[in-house]
Amino acid sequence: IVANGASGALELALTALLDEDSILLVPRPGFPLYQVIAESHGATVMQYDLLPDKSWECDLNHMERILLQQQQYQQQGEGRDRSKSKVIRGILVNNPSNPTGAVYAPQHLMEIVTLATKYRVPIVADEIYGDMTFGGKVFHPVADVAARLGCEVPIITASGLGKQYLVPGWRLGWIVFQDNIHGSIVEVQKGAQRLAQVVLGASHLAQVAIPAVLAPTSTSLEEEEDGSRDGNDDATSTSSSSSTTTALWKAELHSTMEKQATLLCGLLDQCRGLRVIFPEGAMYAMVQIEVDKFDDLIVDDVSFMKLLLEEENIVVLPGCAFGLVGDAKTKDSGTNGNDDARKSSYYVFRVVFCAPEHILRTASKRISSFCLRHKSLDLDWKHACFG
């Protein structure tokens, strides 16, 4: 189903899938649109963790604990508590990931599919960034992985042209339904098709471009007409040239994205109190804030973001915007009530590395100055005293 961008595609899919008695599992950190759409239909959202120390892979143990707990509630008939009687209708997997820049290996995707199969829960795959990968990483669609495992679990895939081809204004997205061998989501697909008939979709003019972009080896109508007049060899030659041009353009784009990611992340990783989790794809990277290395003005990701904007005119998005919420620095009430103590919380912010190189360098320099300006004097004193 062609939709008004990938966001419109996700709305069609989730609207057809969810209701007030359902639950959607979403990643944490994750794109907030999933929760907005689900909750707008009265559904409940439960978050499964991503693991920063494993390149933001899904925490499968956490995911299974949620699935198992909800399954036990169903079996025990916890009818009086409505939240416990709800059914998990889908697991949303975002690959490549916004905001983390993670790209999942086939083995990890197989583990996700196997877990979904075990608990009979469909997967909703947000794959808008597709093959925007680098560092040797390769994008593998979840639907392909599920097909290799026998199509035991339904896969609903949302994607589009906006990100991978840098044409967000075209608003071209789609959802693809790959049902399991039992036909479990036949009615969901029918519902999405009915919804698509009552909402605004992508313009017909823009839709015409989809085959030419996704399959440049196929001849266009004009090329076919030229081929019929001048011979098929000319049409085949033009088609081959178009395919080569598209491939070269994408290779150059991915190379540029990798260079910019390496530049920005390398510079930020040198900043005092910051640790970068290097991305593998998409347009984003997550940066950890080691709050114990900063003064008392910086207690969490939000205070870091606000001060950075006020002092350096640099905009980053705090981790709490993507569901990562921790505890701020607190006063220790132990032996010395005046001593500062930090709780072991995980604070991050997201950066985008699409800007030109000179802007990335300028931004990095300002962030570095900001980090030095707000460094913790306590740590300097301890280092001077104890080495």
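Every read-out reported here was derived from the displayed coordinates using simple, explicitly stated rules and does not represent laboratory data. Here the structure is a predicted model, which is why all the values come from computation and not from measurement. Backbone-built Cβ (ideal geometry, glycine too); neighbour counts: all protein chains shown.
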Return the distance in nm (one decimal) between the two label points of a simple spin-label model at Asp144 and Asp131, each offset 7 Å from Cα along Cα→Cβ.
-> 0.9
Distance between region 345-368 and region 1-61 - C-alpha centres, whole angstrom = 27
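If the chain between Gln197 and Glu20 were fully stretched, how many nm would it gain, using 0.36 nm times the residue separation less the Cα-Cα distance? Spell out each step's value before the answer.
Numbers: separation 177, 0.36 × 177 = 63.72 nm, distance 2.31 nm.
Length gained between Gln197 and Glu20: 61.4 nm.
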From the phi of every residue in region 54-60, what ³J(HN,Hα) in whole Hz does the Karplus formula 6.51 cos²θ - 1.76 cosθ + 1.60 yield, where θ is phi - 60° and glycine or proline is x?
-> 10, 6, 6, 5, 5, 7, 5
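Mind ranking 121-131, 100-110 by how tightly packed they are, going by the mean number of other C-beta atoms within 10 angstrom, highest first? The partial results should precede the final answer.
Values: 121-131: 23.6, 100-110: 20.9.
Ranked from most to least packed, the peptides come out as 121-131, 100-110.
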Expressed in nm to one decimal, what extension gain is obtained for the pair Lys306 and Leu263 from 0.36 nm per residue of sequence separation less their Cα-Cα distance?
-> 13.1 nm
Stretch gain in nm, segment Arg65-Val186, where the contour uses 0.36 nm per residue and the Cα spacing is subtracted = 40.7 nm
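Specify whether the C-alpha gyration tensor of region 1-105 places it in the rounded, prolate or oblate class, a ≥ b ≥ c being the square roots of the eigenvalues: rounded for a/c under 1.5, otherwise prolate if a/b is larger than b/c and oblate if not.
On the way: a/c = 2.57, a/b = 1.20, b/c = 2.13.
Note, shape of region 1-105 comes out oblate.
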Pseudo-spin-label distance Arg361 to Tyr346, built 7 Å along Cα→Cβ, given in nm, is 3.5
